[in-house]
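These notes concern the structure reproduced below.
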Amino acid sequence: MNMMKVSVMRDIETMGWEERPVPLPHADQVLVRIGAVGVCGSDLHYYEHGRIGNFIVETPFVLGHEAAGTVVSLGKDVKHLKVGDRVALEPGIACGHCEACLSGKYNLCPDVKFFATPPVGGVFQEFVAHDARLCFKLPENMSLVEGALIEPFAVGLHAANQGGAGLGQTAVVFGAGCIGLMSLLALKAQGVSRIFVTDTIDRRLAKASELGATAIFNPAQIDIVQKINEMTDGRGCDLVIETSGAEAAAQNAIYIARRGGKIVFVGYSPSGNVTIPLGRALDKELSFETVFRYRNIYPMAIDAVSSGRADIASVVTNEFSFSEIPEAMARSCHEKAAIVKSVVLF
């Protein structure tokens, strides 16, 4: 077990393989044999474009950050885990001493080291040494696939929390990609009564319906503002979660939100900028919230899945083996209309 296989990005849309030494865990780390990794939209963006904003890939680079696996060895200071435990890995290591960390908002740490965010490599590899405090033990009734999906589900839960989701509300989720679907499941788990989902890709809308959306709408085919306002008797929605990054969705969100309602922005637009009807937002005294990853969510997310309140495994549409990572990346990149969520099984 001295060497391991590692899948590396060698160039734009080009994957390859390397052998590297198996890492040794530090005193406060565990060594994890990776069992499942989700293919995230950010992985695909790096694969297709080589960068996200100021984060630029220098090849060879290891992608993948949604991970779960089995503990195979422990650092000498680790007490709460044991060899054989199956764990979900929270991928961001914050500094622990900046203003954001000390206030409890460690997801906003400016010095966070996050898997598969340049220059920090990811987990498309057989083993990883990771901080034990960021390895969360999975209950017996949860699979490693579900463990890997805790990461995107944490984003959806954070969005629902930011929006104050709760019993009796009506909500709409813009975008039915992985994060939109995870937001749908988070809203359901927190008791939101009616949840509408919109997307322009029918395959994604079908998955949203399968996961329990009250109604699904394609904005390319109908006027969703008119339709949702009709379905809420002109009141609008208590909560809007925007995951698509589309400017039209951000604008529609303001017209769909009820007076005094809340909008949570999750999706990034391609340009990073959107124009919204601010006057209308002022007239309705809307509240805006935003999401950057998540914080203090993993235990809540694991409990929601373990207790049966969130069927996150059903989001997956395609599974690939570790040796098929090049195919998983290529197909997930070029078949977005058919593939909602891919997972790599080791």
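Read-outs: derived from the displayed coordinates by stated rules, not from any lab. For clarity, every value in this text was computed on a predicted model and none was experimentally measured. Cβ placement follows ideal geometry from the backbone for every residue including glycine, while neighbour counts extend to all protein chains displayed.
Tabulated values for the structure
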quantity: Cα shape, the range 154-290, gyration tensor, a/c 1.5 rule; calculated: rounded
quantity: Charge context of Glu210, other residues only, Cβ under 12 angstrom, K/R +1, D/E -1; calculated: +2
quantity: Length released on extending from Leu345 to Arg280, taking residue separation times 0.36 nm less the Cα-Cα span; calculated: 18.7 nm
quantity: The range 44-106: relative contact order in percent, alpha carbon pairs under 8 Å with at least 6 residues between; calculated: 22 percent
quantity: Using alpha carbons only: equivalent-ellipsoid semi-axes of the range 208-346, gyration tensor based, whole Å; calculated: 32, 19, 17
quantity: 10 Å beta-carbon shell around Cys40, net charge (K/R +1, D/E -1); calculated: -2
quantity: Within the chain, helix-based [θ] at 222 nm, where runs of 4 or more DSSP H residues each add -39,500 (n - 2.57), nearest 500; calculated: -8000 deg cm²/dmol
quantity: Percent RCO, i.e. relative contact order, over the chain, from Cα pairs under 8 Å lying at least 6 residues apart; calculated: 17 percent
quantity: Residue of Lys137, Lys207, Lys105 that the Gaussian network model of the chain assigns the largest fluctuation, springs spanning Cα pairs under 10 Å; calculated: Lys105
quantity: Computed label-point distance, nm, for sites Ser143 and Lys76 using a 7 Å Cα→Cβ extension; calculated: 4.0 nm
quantity: Selected from Cys98, Cys109, Cys333 as most flexible by GNM, with the chain as the system and alpha-carbon contacts under 10 Å; calculated: Cys98
quantity: Among Ser321, Ser193, Ser271, residue whose mean-square fluctuation peaks in a GNM of the chain (springs only between Cα atoms under 10 Å); calculated: Ser271
quantity: Set of lysines with alpha-carbon distance to Lys227 below 28 Å, sequence-local pairs under 8 removed; calculated: Lys188, Lys207, Lys262, Lys284, Lys336
quantity: Rel. contact order, % - alpha carbon contacts under 8 angstrom, at least six apart, the range 154-290; calculated: 23 percent
quantity: Qualifying aspartates and glutamates (Cα of each under 17 Å from Cα of Lys79; at least 8 residues distant if same chain); calculated: Asp28, Asp131
quantity: Ranking of Tyr268, Tyr106 by count of other Cβ atoms within 10 Å, fewest first; calculated: Tyr268, Tyr106
quantity: Contour minus Cα-Cα distance for Trp17 and Val83 (0.36 nm per residue); calculated: 21.0 nm
quantity: Cα gyration tensor shape for the chain, rounded if a/c is under 1.5, else prolate or oblate; calculated: prolate
quantity: Per-residue Cβ neighbour rank within 10 angstrom, fewest leading, Arg204, Arg33, Arg51; calculated: Arg51, Arg33, Arg204
quantity: Formal net charge of residues neighbouring Phe61 (Cβ-Cβ distance under 15 Å; K, R +1; D, E -1); calculated: -2
quantity: DSSP beta bridge pairing in the chain, given as percent antiparallel to the nearest 5; calculated: 60 percent
quantity: Segment Asn318-Lys105, length gained on full extension (0.36 nm per residue, minus Cα span); calculated: 73.3 nm
